[in-house]
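Before any comments, here is the structure.
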Amino acid sequence: MATQQETIANDNSRFLISDLCHMLEGYLEPEQVQEVYQAYLFGAEAHEGQHRLSGEPYIYHPIAAARILGELRLDHKSIIAAILHDVIEDTETAKEQIARDFGSEVADLVDGVSKLTQMEFESQAEAQAENFRKMILAMVRDIRVILVKLADRLHNMRTLGVMRPDKRRRIARETLEIYAPIANRLGINTLRLELEDLGFQAMYPLRYRVLEKAVREARGHRKEVLNKIETSIKRRLRQEKLSGRILSREKHLYSLYRKIRDKTLSFDDVYDVYAFRIIVDRVDTCYRVLGVMHNLYKPVPGKFKDYIAIPKANGYQSLHTILFGPYGVPIEVQIRTEEMDKVAESGVAAHWLYKAGDQHIDYIHAGAREWLRELLEIQKHAGNSLEFLENVKIDLFPDAVYVFTPAGEIMKLPHGATVVDFAYAVHTDVGNTCIASKVDRQLVPLRTQLHSGQTVEVVTAAAAHPSPAWLSFVVSAKARSNIRHYQKNMKREESVELGRRMLNRALGVFNASADKISEQRLTALLKECQLDEFEDLLVQIGLGRRPAVLVARALVPARDEGTTTANGDAAAQPLVIRGTEGMVMHFAKCCRPIPGDPVVGIVTKGRGMVIHTETCRNLSEHKHPAENCLEVQWEPGVDEEFPVEIGVVVADRRGVLATVAAVISEEDSNIENVAIDERDGLTNTLIFTVSVHNRKHLASVMRRVRGIDSVVRICRLRS
Ligand code: MN
């Protein structure tokens, strides 16, 4: 019986160039193998005298990397690039020399791989993020760059033992967080599984040993049952005149570990599954074998998955089902063709394995390129590498949800995707203007998570726009980056608007206005501030980076200044606020001002303006120098809603909370939050955050609440 078990390749026996050439002769042309040998001579000379930490000559490392790619049956250019991958980085040899001897394609590959490792960074997180960004950019040019890099990393992981423990953990973490997920996304399972197990072993040596021991012991007990089940499957297939290879599978340590950790299951729960893979000749046979299996053992309802009809994002195809086994233990069965099995192991690398235009494999390759193009878009919008990495990590999750558009088109979304993710997947404009959705014709809120098979229709409104709150539930990189992008643009528009009003107010002191500034003075000022246009200057004012008064003074000719009153501010009109300024104007959480309260604006560098009530304790002089304070005034008839906190002391009676809440709602005020502060057995203090239009509205809410029997006391809260 063929058993696929934990095989962490043992690199003790040295793999020589002759071994590599012998392996390559199995699938490459003789001239190509010859060229690989030339690359070896070139690399051996370049690395002459260099040694790895383990003490062995350096050239063994690139040969080992080339071997990994040879096992994936990659083309000879990738193999040559693997042999030369450290030549530019670690030796004097220049890219031109490689281009001259092996062609520009190989030179570009080697160059791409070198660039991934060269950078130096301030923080570990930043370095990792930047490396990742570079990797994606390199992959977009040629996917083989990442294949060489993965082979390099895998061999380094296999020989990690010689490193210092801290370095070992750093490399292991990077492998688990970045390289293994990329291998997974590209469908290269053989590399992914080994990277994960090696990474797990280096990150958590103790847990690894415990789990490994548990698996070894459990394996012994299971053997007999496994054999019995396998025999019955074989017998039944023979009866039905179906032929196929049957493999019993064992879960890899890292995936066992992850299941135990994430689902908080016990080892027995996770491990106690018999898993088989049946490999057959044709697609048609897959479905027939499935039928036979469901006849042999009862299937567990809801567990059947048809990844042949709907392949996974990385191109993986197979039928999955779970059966009720003979001893009460579930049996997991995967059924697929030989070719699907190859693709399951090598993913995008299969593109080089089957050169002659196989449709599904071309589809995988095209799919990977499409994914990379999307990443490129996301990277254009992302503010920095860290943001980009965060966005893309989400995309690396393999599970997907399949839903339908009203027209019956299938949309593939990441696991946990919500209506908003769906809307953005349809089109950016749909995402930007969505307000609600119908899932299977039921109206649902935007944050609703979608499940496979649902039909989703998005309701849009032309005037709607994305809310920053969506960032707390969207899961797709596309939605996330678009919402952020929109926010950034909005923030700029709002800053321009606020900056213009602040400047006009300041210019008012000099009897001037923004429309009447001399072109000449403006140009001079922009030059001095190193800004390109007037709007940039307004943004800086709006965001509090540049005091409006100083800008005004610079813009107004000196003689005009004489016309102001002695105390410049006396002539200035207070800045009018509307509550619609959005992201550049914040209302202080400490005093929660509402229209009607006398207020003061504090200009904070980079954040814009924060509005406090005049009596707020946080307004003390030493915290905010006078030049940052701005006289502001509510626009008459502001119609927005503002949150405010009220404390209600109530007698401890059943249903009192509901009564108070009902009264607040009757007064047309929304309850945003409620907290129960203290209990002394007789009374409770309920703290409501309610939204009101203004002081008058608040007063009427409080008057109604005070009228309730159980209410002892009520007051507006300010910290
Ligand atoms: Mn290397």
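The values are calculated or read from the model by the stated rules, or taken from the named source; none is laboratory data. Please read these numbers as outputs of a predicted model, since none were measured by experiment. As a convention, Cβ positions derive from the backbone with ideal geometry for all residues, glycine included, and neighbour counts pool all protein chains shown. These accessible areas exclude ligands, DNA and RNA; they are computed on the full protein's heavy atoms, side chains included. Shrake-Rupley method; radii C 1.70, N 1.55, O 1.52, S 1.80 Å.
Where a Cα-Cα gap under 14 Å defines reach, which aspartates and glutamates qualify for LYS478, not counting those fewer than 8 residues away within the same chain?
Answer for LYS478, where 14 Å is the Cα cut-off: GLU370, GLU374, GLU377, GLU387, GLU390, ASP395, ASP421, ASP429, listed by chain and number.
Among 335-343, 510-518, how do they line up from the highest to the lowest mean number of other beta-carbon atoms within 10 Å? It would help to have the intermediate numbers written out before the result.
Working: 335-343: 21.2, 510-518: 14.8.
Descending packing order for the listed peptides: 335-343, 510-518.
So what are the range 398-475's ellipsoid semi-axes, whole angstrom, largest first, if each one is the square root of 5 times an eigenvalue of the alpha-carbon gyration tensor?
18, 14, 11
State the percent of C-alpha pairs, over all pairs in the range 642-716, separated by a distance greater than 14 angstrom.
Values: 1497 of 2775 pairs.
Counting every Cα pair in the range 642-716, those more than 14 Å apart make up 54 percent.
Tally Lys and Arg at +1 and Asp and Glu at -1 over the other residues with C-beta under 14 Å from the C-beta of THR175: what net charge comes out?
Summing Lys/Arg as +1 and Asp/Glu as -1 gives +3.
Which distance in nm do the two modelled labels at GLN449 and ARG617 give, with both placed 7 Å along the Cα-to-Cβ direction?
4.2
Using helices alone, I'd like the mean residue ellipticity at 222 nm for the chain: each DSSP H run of four-plus residues gives -39500 (n - 2.57), total over residue count, nearest 500.
Value at 222 nm, helices only: -15000 deg cm²/dmol.
Which lysines have a Cα less than 24 Å from the Cα of LYS167, not counting those fewer than 8 places away in the same chain?
The qualifying lysines are LYS115, LYS134, LYS149, LYS393.
Quick check for you: with a 1.4 Å probe and neighbouring chains kept, what is the accessible area per residue of the chain, in Å²? Numbers along the way, then the final one.
Details: 36030 Å² over 719 residues.
About 50 Å² of surface per residue is accessible.
Of the listed peptides 46-54, 325-333, what is their order by residue-averaged count of other C-beta atoms within 10 Å, with the highest listed first?
By packing density, highest mean first, the sequence is 325-333, 46-54.
How much net charge surrounds VAL496 when only other residues with a Cβ under 11 Å from its Cβ are counted (Lys, Arg +1; Asp, Glu -1)?
Surrounding charge for VAL496 is -2.
Quick one: length gained pulling ASP515 to PHE404 fully straight, 0.36 nm per residue minus the C-alpha distance?
Details: separation 111, 0.36 × 111 = 39.96 nm, distance 5.28 nm.
Result: 34.7 nm gained on full extension.
Would you compute, for the Cα atoms of the range 464-554, the largest minus smallest coordinate along each principal axis and list the three values in descending order, in whole Å?
Projected onto its principal axes, the Cα set of the range 464-554 covers 51, 23, 20 Å.
Quick one: which of 637-648, 497-508 comes out on top by average Cβ neighbours within 10 Å, and what's the full order, highest first?
Highest-to-lowest ranking by the protection proxy: 497-508, 637-648.
When the distances between all Cα atoms of the range 197-300 are binned every 10 Å from zero, what whole-number percent does each bin get?
Per 10 Å bin, starting at 0, the Cα pair percentages come out as 13, 37, 27, 20, 4.
What length, rounded to one decimal in nm, is gained on full extension from ALA464 through to ILE687, with 0.36 nm per residue of separation minus their alpha-carbon distance?
Length gained between ALA464 and ILE687: 77.1 nm.
Under the 0.36 nm per residue contour assumption, what length would be gained going from the current alpha-carbon distance of GLU635 and GLU105 to full extension?
So the extension gain works out to 184.2 nm.
Grab the beta carbon distance between GLU177 and ARG695, set R0 = 51 Å, and tell me the FRET efficiency rounded to 0.05.
Numbers: r = 52 Å, r/R0 = 1.02.
E between GLU177 and ARG695, to the nearest 0.05, is 0.45.
Ignoring ligands, DNA and RNA, please state the percent of accessible area on the chain from carbon and sulfur, probe 1.4 Å.
Result for the chain: 49 percent of the exposed heavy-atom area is carbon or sulfur.
Between GLN239 and PHE15, how many nm apart are label points set 7 Å from Cα along the C-beta direction?
Rounded to a tenth, the inter-label distance reads 4.5 nm.
Counting only Cα atoms, I'd like the Rg/Rh figure for the chain, Kirkwood definition for Rh.
1.07
Along the Cα→Cβ direction, 7 angstrom out, place labels at ASN628 and ARG209. What is the inter-label distance in nm?
Once both label points are built, they end up 5.5 nm from each other.
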